[in-house]
1. For the chain, count the residues as N, evaluate 2.2 N^0.38 Å, and divide the Cα radius of gyration by that value, please.
2. Can you work out ³J(HN,Hα) from phi for every residue in region 180-187, in order, using Karplus 6.51 cos²θ - 1.76 cosθ + 1.60 and θ = phi - 60°, giving whole Hz and x for Gly and Pro?
3. Distance between Cα centroids, region 1-56 to region 205-224: provide it in whole Å.
4. Using each residue's phi in region 133-139, evaluate 6.51 cos²θ - 1.76 cosθ + 1.60 at θ = phi - 60° and report the 3J(HN,Hα) Karplus result to the nearest Hz, with x for Gly and Pro.
5. Stretch residue 199-residue 86 to full length: gain in nm at 0.36 nm per residue minus the Cα-Cα span?
6. For region 70-79, take each phi angle, set θ = phi - 60°, evaluate the Karplus expression 6.51 cos²θ - 1.76 cosθ + 1.60, and give the result in whole Hz per residue in order, putting x for glycine and proline.
7. Long-range amide H contacts for residue 177: which residues qualify at under 5 Å (H placed 1.01 Å from N, peptide plane, sequence gap of 5 or more or a different chain)?
8. Of the listed pairs 73/136; 68/136; 68/126; 3/126, which have alpha-carbon separations greater than 23 Å here?
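A short reminder: the numbers here are calculations on the coordinates, not readings from a lab. Quantities reported herein were computed from a predicted structural model and do not represent experimental measurements. Neighbour counts run over all protein chains shown; Cβ positions are idealised from the backbone, glycine included.
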Amino acid sequence: MLKLRFFSCGSIGYDPCSFEPDIPRGTHVEGPIPFYLLEHPSGRALVDTGCHPDVVQSPESAWGGLAKAFYPKVTPEDLPMAQLRRAGIDPDSIPIVISTHLHMDHAGCNQFFPKARILLHAEEWKAVQNPAMEGKGYFRRDWDHRLRYEMVADGHDVFGDGSAILRHWPGHTPGHMGLVVRLAGPRTVVLAVDAAIVRANLAGAVPRNTLDKDIYRRSIAAIRAYQEAGATVIFGHDPQQFAELLAPPAAW
Ligand SMILES: [Zn+2]
């Protein structure tokens, strides 16, 4: 049976009005930078890889102006490679990395998994090739490496038994993917990632940093349909929900 483990690559400070435009400007929250580990009898898959190690030294020099709106606090111990090692897992033994999208808080450590197949949506690969996108959530430092990138489409079955299905939920970015996982129970869990960053997004709030709002709303409707059918939705950076998920054993 599939097991899902929760991690955060440090934290990220931001004004909650970024994701919920109805909130007045000027407040501050510390949100998680989630990554996940799927443990399947046939092997493991890591979902996202947090921030690049350069962020540890200086968020400003790594992320430029973007660090004004989203300020990461990451120590060397927070990086996925270190957290996996602490969990007794050799990062080199991970055969699959699912790159939900190539933003700087999701794909920063992709290069440190050179042996893994890195599953990515073709629209995302296309989006980062546009030089105008550099610095707007995408940084060459994160994705421009000789890695085993493998393009996958909506409905990709990660382990071949229906327990983890990739879904193309664009809007936040063109190739953004979420996951539908089936755990013991049986329990269906939706990893919305940044298709629904905080709980309020599912209720209709559209984040300011959405690339295409109409497409975003279509993705939200797809996630809502899973929720109405009984699935538990895990949001991309919801501080409250993720604090609960990180409480030991931090796994489902
Ligand atoms: Zn994100």
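1. On the way: Rg = 16.6 Å, N = 252, 2.2 N^0.38 = 18.0 Å.
Here the Cα radius of gyration is 0.92 times the empirical estimate.
2. Running phi through 6.51 cos²θ - 1.76 cosθ + 1.60 with θ = phi - 60° gives 10, 10, 10, 10, 4, x, x, 9 Hz.
3. 19 Å
4. 8, 4, x, 9, x, 10, 9
5. On the way: separation 113, 0.36 × 113 = 40.68 nm, distance 3.03 nm.
Full extension of this stretch gives 37.6 nm more.
6. The phi angles translate into 10, 10, x, 10, 9, 9, x, 6, 7, 5 Hz.
7. Correct list: 101, 169.
8. On the way: 73/136 19 Å; 68/136 13 Å; 68/126 27 Å; 3/126 32 Å.
Over 23 Å apart, Cα to Cα: 68/126; 3/126.
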